[in-house]
């Protein structure tokens, strides 16, 4: 039996560390942000390494879906798919995801915004992916009647073993101790954009302990965070109870 696990996250989360965690399983294949090229192509946005990204992936939504629903690489039984919610347009056809396990990775919006603004100063609510994540969550839980599988980044960093064990149980797969550590360095499965964004993860060997932060935000960025906070709070209320 194949489990296609779709992890829906916004930017500047621990999404790449989560991908590393699943990549450490011998029964799991991973794929990194498969709709990134489609996103850049349709929006025209200028991101670091834009041309490389566009050349590395299909820019056609249906072709990417065909890949994601096709054969799992290396005949693995689990396919962990790291998805960025800001890459999903409002009119996107997500019907294919109904037969998959859908999970949601969230992080405090003030921490997300402060981190994102260091590289792209003009931040909008849509850039942070919160409204898109909420709409996908509603589709999964309200229309498709699937269980809410929501994981908060802080919970993972504070208690990795408990968080990952609860996540695996919710997704219907066994937990493995190998998910708690990994070798440092790049991966062949990383997107070509890794050199712009993944330095910290490439130097890591596991989940970093959580460090409380009190970001200083500009008034305009605080307005974005205030809007995102409502969505985050609603998702946080449905998160997995992962504390030991």
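For this structure, a couple of remarks:
- Here is the figure for the stretch 1-20: residues that are in a loop (DSSP other than H, G, I, E, B) and either out of contact with any strand residue (DSSP E or B) (no Cβ under 9 Å at 6 or more places or on another chain) or more than 23 Å from residue 110 (Cα to Cα) (or both) total 3.
- Evaluating residue 81 against the criteria (1) part of a loop (DSSP other than H, G, I, E, B); (2) under 11 Å from the mean Cα position of the chain (by Cα); (3) modelled with pLDDT of 95 or more leaves one unmet condition, (1).
- Per the listing 140, 123, 65, 112, the residue uniquely in contact with a helix residue (DSSP H, G or I) (Cβ under 9 Å, 6 or more places away or on another chain), part of a loop (DSSP other than H, G, I, E, B) and surrounded by 13 or more Cβ atoms within 10 Å (Cβ to Cβ) is 123.
- Yes/no for residue 131 being touching a helix residue (DSSP H, G or I) at 6+ places or on another chain (Cβ under 7 Å) and outside any helix (DSSP H, G or I): no
- Applying the condition of being exposed (fewer than 15 other Cβ atoms within 10 Å of the Cβ) and under 19 Å from residue 198 (Cβ atoms) to the stretch 39-51 and asking which residue is nearest to the chain's Cα centre (by Cα) yields 48.
- Evaluation of residue 199 against the conditions (1) without any contact (Cβ under 8 Å) to a residue 40 or more places away in the chain; (2) surrounded by 14 or more Cβ atoms within 10 Å (Cβ to Cβ) shows that the sole unmet condition is (2).
- Of all the residues in the stretch 157-196, those that are in a loop (DSSP other than H, G, I, E, B), without any contact (Cβ under 8 Å) to a residue 40 or more places away in the chain and loosely packed, with under 15 Cβ neighbours inside 10 Å number 6.
- Exclusive hit being touching a helix residue (DSSP H, G or I) at 6+ places or on another chain (Cβ under 7 Å) and farther than 20 Å from residue 10 by Cβ, set 192, 224: 192
- Residues considered: 220, 154. Of these, the only one that is assigned to a helix (DSSP H, G or I), under 15 Å from the mean Cα position of the chain (by Cα) and either without any contact (Cβ under 8 Å) to a residue 40 or more places away in the chain or within 19 Å of residue 113 (Cα to Cα) (or both) is 154.
- Enumeration of residues in the stretch 21-41 that are closer than 20 Å to residue 92 by Cα and either free of Cβ contacts under 8 Å to residues at least 60 places away in the same chain or part of a helix (DSSP H, G or I) (or both): 34, 35, 36, 37, 38, 39, 40, 41
- Looking only at the stretch 84-109, and only at residues there that are assigned to a helix (DSSP H, G or I) and over 17 Å from the mean Cα position of the chain (by Cα), the one that is surrounded by the most Cβ atoms within 10 Å (Cβ to Cβ): 96
The values are calculated or read from the model by the stated rules, or taken from the named source; none is laboratory data. In this text the structure is predicted, and so the values were computed from the model without any measurement. Here the Cβ is made from the backbone with ideal geometry for all residues, glycine too, and neighbour counts use every protein chain on show.
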